[in-house]
């Protein structure tokens, strides 16, 4: 039985890339490390983990997974912090309604993380 997503994993090709990724998730986004070892770290998102490895060539092509979404109460504030840190916010904060049954109102923005990953900042309205 599936109970949820445990973690998303990413790899870095250099020590500098690994440090930049750690700084982005821990310092800029304000997430918390739950464990770290010689070649990696697991970071708590509140409802799953982001795992970052320092021991591999990072993949720079889009695959089947287009992005991952981080749930937040402050899309605008987080987007501003990310932009101030020099990262690209390529879809500005905006409100949308998914035309589902029932309709699903949300606020969202998209940014590019330090490893080229696309991250959606997401708030249910």
### Query
From the set of residues in the stretch 66-97 that are modelled with pLDDT under 95 and more than 16 Å from residue 29 (Cα to Cα), which is surrounded by the most Cβ atoms within 10 Å (Cβ to Cβ)?
67
### Message
I need the full set of residues from the stretch 15-38 which are more than 18 Å from residue 88 (Cβ to Cβ), modelled with pLDDT under 95 and within 16 Å of the chain's Cα centre (by Cα), in order please.
### Response
18
### Task
Mind listing whichever residues of the stretch 28-45 are in contact with a strand residue (DSSP E or B) (Cβ under 7 Å, 6 or more places away or on another chain) and touching a residue at least 24 places away in the same chain (Cβ under 8 Å)?
42, 45
### Message
So residue 8 passes all but one of these: (1) in contact (Cβ under 8 Å) with a residue 24 or more places away in the chain; (2) farther than 15 Å from residue 116 by Cα; (3) assigned to a strand (DSSP E or B). Which condition number does it fail?
### Response
(2)
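The values are calculated or read from the model by the stated rules, or taken from the named source; none is laboratory data. Quick caveat: nothing in here was measured; it's all calculated off a predicted structure. Note: ideal-geometry Cβ built from the backbone for every residue, glycine included; neighbour counts use all protein chains shown.
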